[in-house]
Amino acid sequence: MGLSAALRLISVSGCLLLLCGSSWGDNATVPLVIWHGMGDSCCNPLSMGAIKKMMEAEVPGIYVLSLMIGKTVVQDTENGFFMDVNEQVSFVCDQLSQDPKLKGGYNAMGFSQGSQFLRAVAQRCPDPPMKNLISVGGQHQGVFGLPRCPGESSHICEWIRKMLNSGAYTDVVQKHLVQAQYWHDPLNDDLYKKHSLFLADINQERVVNETYKKNLMSLNKFVMVKFLKDTMVDPVDSEWFGFYKPGQDKELETLKESAIYTEDRLGLAEMDSAGKLVFLDYDGDHLQFTQEWFNEKLLPFLR
């Protein structure tokens with residue numbers, strides 16, 4: 001590839017993270033919790049495991065917890081497709097509350113679907129406190145399409161598409177397919193609001209849970225990274241909390257144009273006014289970025 005020895009190539013959720021670079025310094029001592037994306041696992045030596053190891057080497061003294069949902073790496077990967085998201089979030093909340101190293105608070109970084117799952121943790125589980133939440137390609141308004149998923153030749157991707165297209169809001173599909181729980185169909189808004197087990201709840205689509213709102217607003221910063229050439233997330237605007245306007249799937253609206261913001265159901269408008277929302281972009285495909293960019297744009301929020 002013509003890259004120097006200083007470049008390291010790491011695969012995350014079927015995508016490539018290009019980590020190029022310089023030392024991160026020794027100031028980052030706040031614990032960090034990371035949650036992987038679809039098709040990945042906590043400890044894959046070519047992805048999240050490598051990121052954890054690298055951060056521990058580059059940031060002396062940092063405690064990095066890469067979440068494993070289940071008892072084994074295989075279970076962790078499978079649960080990213082098939083375990084009820086609400087159960088996953090409860091599992092993580094219990095794990096974090098029992099970790100003595102996190103008692104003083106922690107920063108959180110989610111990759112792809114791990115981003116909206118960590119936001120649910122912030123909203124539902126304030127102890128220990130999450131300080132900053134960094135969403136790397138997360139889909140906070142859900143998705144209405146699955147252009148590709150890790151392992152394109154695998155039968156699992158085609159099966160997921162079939163299930164989503166045939167009945168994303170049926171009880172069986174909602175309960176047993178993770179991606180259905182953040183499937184957001186703008187053409188069937190009533191079905192989505194009524195039957196979405198996860199996304200409609202954390203986005204306050206049915207009722208406003210004041211505790212969710214209060215807990216999210218307690219964040220110091222909520223950072224959202226959008227990948228401008230993303231070929232995995234549809235629509236990509238979901239990475240900045242945007243989505244299709246209700247009733248159609250052509251015209252998009254920004255977060256500020258949405259009812260979530262104008263009615264301030266989650267406190268995002270107030271957070272925005274207080275300078276707590278940070279919108280970043282990267283001119284690359286899903287989860288592809290350089291370490292130089294990471295150091296400049298994201299590292300300051302991890303200290």
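The values are calculated or read from the model by the stated rules, or taken from the named source; none is laboratory data. The model shown is predicted, which means the values in this text are computed figures rather than measured ones. Using ideal geometry, Cβ is built from the backbone for each residue, glycine included, and neighbour counts are taken over all protein chains shown. With ligands, DNA and RNA removed, areas are computed over all heavy atoms of the protein, side chains included. Shrake-Rupley method; radii C 1.70, N 1.55, O 1.52, S 1.80 Å.
Report every pair of residues separated by at least 6 positions or lying on different chains whose Cβ atoms are under 8 Å apart, first residue within the range 260-278 and among the aromatic types (Phe, Trp, Tyr), second in a helix (DSSP H, G or I) and open to solvent by less than 70 Å² (accessible area, probe 1.4 Å).
From the range 260-278, the pairs are Tyr261/Leu255; Tyr261/Leu268; Tyr261/Ala269; Tyr261/Asp272.
Among the residues of the range 211-247, what is the count of those that are in a helix (DSSP H, G or I) and open to solvent by 10 Å² or more (accessible area, probe 1.4 Å)?
Number satisfying all stated conditions: 9.
Answer yes or no as to whether Pro129 is crowded, with 16+ Cβ neighbours inside 10 Å, modelled with pLDDT of 95 or more and over 17 Å from the mean Cα position of the chain (by Cα).
In short, yes.
Residues of the range 44-66 being within 30 Å of Leu146 (Cα to Cα), surrounded by fewer than 17 Cβ atoms within 10 Å (Cβ to Cβ) and touching a helix residue (DSSP H, G or I) at 6+ places or on another chain (Cβ under 9 Å), which ones?
Looking only at the range 44-66, we keep the residues that are within 30 Å of Leu146 (Cα to Cα), and these are 44-52, 65-66.
Filter once more, keeping what is surrounded by fewer than 17 Cβ atoms within 10 Å (Cβ to Cβ): 45-46.
The answer is Pro45, and nothing else.
If Lys250 passes every condition in (1) over 27 Å from Thr211 (Cα atoms); (2) surrounded by 18 or more Cβ atoms within 10 Å (Cβ to Cβ); (3) among the basic types (Lys, Arg) but one, which one does it miss?
The one condition Lys250 does not meet is (2).
Would you check which residues across the range 259-303 are part of a loop (DSSP other than H, G, I, E, B) and open to solvent by 40 Å² or more (accessible area, probe 1.4 Å) and list them?
Selection gives Glu263, Ala274, Lys276, Asp283, Gln288, Arg303.
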